[in-house]
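Reading through the structure tokens given below for one structure.
The values are calculated or read from the model by the stated rules, or taken from the named source; none is laboratory data. Everything quoted here is computed from the prediction, not taken from an experiment. Using ideal geometry, Cβ is built from the backbone for each residue, glycine included, and neighbour counts are taken over all protein chains shown. We work out accessible area using only protein heavy atoms, side chains counted, and drop any ligands, DNA or RNA first. Shrake-Rupley method; radii C 1.70, N 1.55, O 1.52, S 1.80 Å.
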Amino acid sequence: MLIFANRILLARFQVSIKKGGSMGKWKLTLGLCLAATVCQAQVSDYRTYVRRALESMSADSTEKAERLFREAMRIEPAQRSNAMIYYQIGRMQEHRGKPEKALESYTMGLNVAPHVLPLRMARAKLYMQLGNKEKALVDYSDVLDWKADEQEALFMRAYIYTGQRLYRRARADYEALLKLNPAHEEARIGLVLLNEKDNRPREAMEQINAMVAAAPDHAILYAVRAGLEQTRKQYEAAEADFTKAISLEPKNIDYLLNRAALYIETKRKKEARADLDKAMELGANPEDVASMRHELR
């Protein structure tokens, strides 16, 4: 169940980033920096192509914007601001569902300017999405070497370290993050899951109980506590917590799959099938559901 809990934690953190995390701020900063650099450019054609590319981006014409950006770089290949252009191209390629191309663009940008943190963070995040945690770890560590208080990098490196069973390093990153931001819920959950893995079960349960008491309307806290209870074979408590989490977020696929796994473990096939059917209706990964259905045979 800790696998499910870790997946929920990472998904929750990625949603928080989209709602206004550090990458959102960086996009604005990058736009301003790019505009300022372009204004100082000596070649009018370069300025013109970049301006037109930015206008195309604003109009959601990303393919046209990419062509214009590339034309600007062809004219002025030595411009340091091209690193920012590669960042924008990579983001557009990700948006169009071309992660491998985006990875190439981020790397090209870093070849131009290795210390541009938004580029390195974007590449690290994409490495995570592609399942290459080792390379993501290198990028997050580089970011923290240059900016020790970068919260997203601290969280993600702690998450990776936990998966690698490097618990002391993970704990140091989580604690550093919580010192910077005591209200960082994802980091607090991460520390709970770390304590559970690091043979501190009592501490883990005390922490999650305190979090539930402090925020009784947060579904993820019930789901995490249910996972801990299930590992302890406290099945009634686990079912109650999964059910509470689902009542708070009835369209959350992971919570339904979690409860289905509990029902499978406790031989309640009818209830498990009902949760799996609902998860499929909501768009669950068919392979995940098929694997769980196989356990019902």
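Data table
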| item | result |
| --- | --- |
| Pair residue 78, residue 217: separation of 7 Å Cα→Cβ label points (nm) | 5.9 nm |
| Relative pair counts by distance (%), Cα atoms of region 148-199, 5 Å bins | 5, 26, 38, 22, 8, 1 |
| Computed P(r) (all Cα pairs; region 46-147; 5 Å bins; percent) | 2, 15, 23, 22, 19, 10, 8, 1, 0 |
| Rg [Å, one decimal], Dmax [Å, integer] - the chain, C-alpha atoms | 22.4, 72 |
| 13 Å cut-off, amide nitrogen to a point 7 angstrom out along residue 148 Cα→Cβ, residues in region 174-203 | 176-177, 180 |
| For region 46-147, size of Cβ-based charge dipole, Lys and Arg +1, Asp and Glu -1, in debye | 180 debye |
| P(r) histogram, all alpha-carbon pairs of region 166-292 included - 5 Å bins from 0, percent | 2, 11, 19, 19, 19, 14, 11, 4, 1, 0 |
| Efficiency of FRET from Cβ geometry, residue 271 and residue 200, R₀ 30 Å, rounded to 0.05 | 0.40 |
| Amide N of region 106-124 lying under 15 Å from the label point, which is placed 7 angstrom from the Cα of residue 70 along Cα→Cβ | 106, 108-109 |
| Helix axis angle, 117-129 relative to the chain longest principal axis, alpha carbon, degrees | 40 degrees |
| The chain: angle of helix 269-281 to the longest principal axis, Cα-based, in degrees nearest 10 | 20 degrees |
| J(HN,Hα) series, region 212-225, from Karplus relation 6.51 cos²θ - 1.76 cosθ + 1.60, nearest Hz, glycine and proline x | 5, 4, 7, 9, x, 9, 9, 4, 4, 5, 5, 5, 5, 5 |
| Of 254, 275, 60, the one that fluctuates the most in a GNM where the chain has Cα springs shorter than 10 Å | 60 |
| Contour excess over end-to-end distance, with Cα ends at residue 294 and residue 107 and 0.36 nm allotted per residue | 63.2 nm |
| Residue 236-residue 282 FRET efficiency (beta carbon distance; Förster radius 25 Å; 0.05 resolution) | 0.45 |
| For the chain: accessible area per residue (Å², 1.4 Å) | 51 Å² |
